[in-house]
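Everything on this sheet refers to the single structure shown next.
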Amino acid sequence: MQPMHTLSSIKLAIIGLGYVGLPLAVEFAKKREVLGFDINQARIDALQSGHDATLEVADAELAEATGLRYSAALDDLAACNTYIVTVPTPIDEHKQPDLTPLVKASETIGKVLKKGDIVIYESTVYPGATEEDCVPVLEKFSGLKFNVDFYAGYSPERINPGDKEHRVSTIKKVTSGSTPEVAELVDQLYRQIIVVGTHKAESIKVAEAAKVIENTQRDVNIALINELAIIFNKMGIDTEAVLQAAGSKWNFLPFRPGLVGGHCIGVDPYYLTHKAQSIGYHPEIILAGRRLNDGMGAYVVSQLVKAMLKRRITVEGARVLVLGLTFKENCPDLRNTRIVDIVKELGEYNIQADVFDPWVDVAEAQHEYGLTPIDAPQPGAYDAIIVGVAHQQFKDMGAEAIRALGKAEHVVYDLKYVMPRNAADLRL
């Protein structure tokens, strides 16, 4: 039996209205009626009032999405026949994949699944997860048979939080389906909104693998640059100057050292390594890159402490200002931010850390990390300042204003090249 739906008969629901799901729903709402579904009623209420707390979608753009309605009610979901799942896929404290949100979403859809329906997953997973982990849940809760009564697709999300240039519609999309006919229908659906085109993968597993290696590749490359930065720091060579010189060759990749956080680059490689280990292969390069990147917070603090000691600044009881808490610049996204590693490591030295970030929701920071960002830094109060995130606000401050936050004797560590080379005491 082939899917009963055509492109025109699709009644679309987007499950999960976060950084990925909401922009996707807004784009589809320009072409068709869309149900935005989320189990978080507070999120639904906020969107219905016309505001997106993630700032991925502007209020004006949200107001223009007249084809989009929001709900947390199962009855509303039951009226749809095609479901796109965009829930988070985090890792647990043991750095193992946590498929709980994905399984819960599959259970919810399974309760309303009907013959001919299609379930498309966008969440980043290891190859095989859609058909091996999600589809059995759909079968169990619906009582229907896969590829006979209902179908699946996979089209990995390609969202760059905070990026107003590369949006959903302008990033090429990989698509796939559980049968050739479904793959074509899924591809047609996404071609309605992706103006730069799609790439139809030959199978769901290929599409899953393609996504998970995108961020694994970036992670390994950044790990290499981080290791080079450590080496060059020991040699007294400026890493940025080296990278600029090397970057004069056309095929040198423009990666920069830094903390690797966020919902993708610091997480996705663990999905791939988990699957690799389950089939009897122990990855070496991928895990080595992860270890190095995960250790950068401790490295930064060790370098800072050494610099403070050389200046005869008392370390224990010192007061340090950390500028930035989000995982990247110019967005409020706190997911898997590695700034918390720096704050924790500073605490190991009994250093008081004040965190300032104008982009952050204080309640979210308290809930996620037990941190309470300050309202404003106090001029002349700090023994050291760490520029951890390259927010435009920090760039606009300029080196003189940043240094004015320090005491007469202080150290500035610029992790993001926000300040001119000679204006900071330390750089990665």
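Beta bridges from DSSP with both residues in the chain: antiparallel share about 5 percent, rounded to the nearest 5. Among Glu157, Glu132, Glu214, sorting on how many other beta-carbon atoms sit within 10 Å of each Cβ, with the fewest leading, yields Glu132, Glu214, Glu157. Put the Cα centre of the range 282-337 next to the Cα centre of the range 71-86 and the gap is 42 Å. Remark on Val355: its backbone amide H falls under 5 Å from those of Val322, Ile374, a criterion applied only to residues 5 or more positions apart or on other chains, H modelled at 1.01 Å from N. Using a simple spin-label model with pseudo-atoms 7 Å out from Cα toward Cβ, His367 and Asn147 lie 4.1 nm apart.
Close amide-amide hydrogen proximity is noted between Thr175 and His199, Lys200, Ala201, each under 5 Å apart and 5 or more residues distant or on a separate chain (H modeled in the peptide plane; Pro and chain starts excluded). Which of rounded, prolate or oblate describes the range 7-212 when judged by the alpha-carbon gyration tensor and an a/c cut-off of 1.5? Note, shape of the range 7-212 comes out rounded. In a DSSP loop and with at most 11 other Cβ atoms within 10 Å, the chymotrypsin sites (Phe, Trp or Tyr not before Pro) in the range 281-329 are Tyr281.
Of the GluC sites (Glu not before Pro) found in the range 64-114, those in coil by DSSP whose Cβ has at most 10 other Cβ atoms within 10 Å are Glu93. The candidate values are (1) 21.6; (2) 26.1; (3) 22.6; the one derived from this structure for mean projected area of the Cα convex hull in nm² carries the label (1).
Any aspartates and glutamates with Cα under 18 Å of the Lys31 Cα? List them, leaving off those in the same chain fewer than 8 positions away. Straight-line reach from Lys31, under 18 Å: Glu61, Glu64, Asp187. Spacing of the modelled spin labels on His274 and Lys140, each 7 Å from Cα toward Cβ, amounts to 1.6 nm.
Once you have a ≥ b ≥ c as the square roots of the Cα gyration tensor eigenvalues for the range 309-423, tell me rounded if a/c is under 1.5, and otherwise prolate or oblate according to whether a/b is larger than b/c. It is oblate, given that a/c is not under 1.5 and a/b is not larger than b/c.
Quickly estimate the mean residue ellipticity at 222 nm for the chain, helices only: each DSSP H run with n ≥ 4 gives -39500 (n - 2.57), and the total goes over all residues, rounded to 500. Helix-only estimate at 222 nm: -11500 deg cm²/dmol.
In this label model, Glu400 and Ala60 are separated by 3.5 nm, measuring between points 7 Å along each Cα→Cβ vector.
Taking other C-beta atoms within 10 Å as the exposure proxy, Val242, Val57 rank Val242, Val57 from fewest upward. Annotation: amide H of Val412 within the under-5 Å range of Ile385, Asp425, Leu426, sequence separation 5 or more or interchain, hydrogens built in the peptide plane. Residues Glu184, Glu56, Glu284, ranked from the fewest to the most other C-beta atoms within 10 Å, line up as Glu284, Glu184, Glu56. Compute the angle between helix 268-278 and the longest alpha-carbon principal axis of the chain, please, reported from 0 to 90 degrees and rounded to the nearest 10. So the helix axis and the longest Cα principal axis differ by about 70 degrees. Over 24 Å between Cα atoms: which of Lys95/Lys211; Lys172/Lys205; Lys173/Lys205; Lys95/Lys275; Lys275/Lys328 fall into that group? As for pairs spanning more than 24 Å Cα to Cα, those are Lys275/Lys328.
The value of relative contact order for the range 295-428, using C-alpha pairs under 8 Å at least six residues apart, is 26 percent.
Please state the shape class of the range 99-216: rounded when a/c is under 1.5, otherwise prolate if a/b exceeds b/c and oblate if not, all from the C-alpha gyration tensor. The shape class here is prolate.
The aspartates and glutamates whose alpha-carbon is closer than 12 Å to the alpha-carbon of Lys407, local same-chain residues fewer than 8 away aside, are Asp383.
Helix 285-294 and the longest principal axis of the C-alpha atoms of the chain enclose an angle of approximately 50°. In sequence order, the range 28-36 has phi-based couplings of 5, 5, 6, 10, 7, 6, 9, 9, x Hz under the Karplus curve 6.51 cos²θ - 1.76 cosθ + 1.60, θ = phi - 60°, and Gly or Pro positions carry x. Counting only lysines at least 8 places from Lys114 when in the same chain, those with an alpha carbon closer than 21 Å to its own are Lys11, Lys104, Lys140, Lys145.
Every number in this text was worked out from the coordinates using simple rules, so none of it is lab data. If you're wondering where the values come from, they're calculated on a predicted model, not measured in any experiment. Counting neighbours? That spans all protein chains shown, and the Cβs are built from the backbone with ideal geometry, glycine included.
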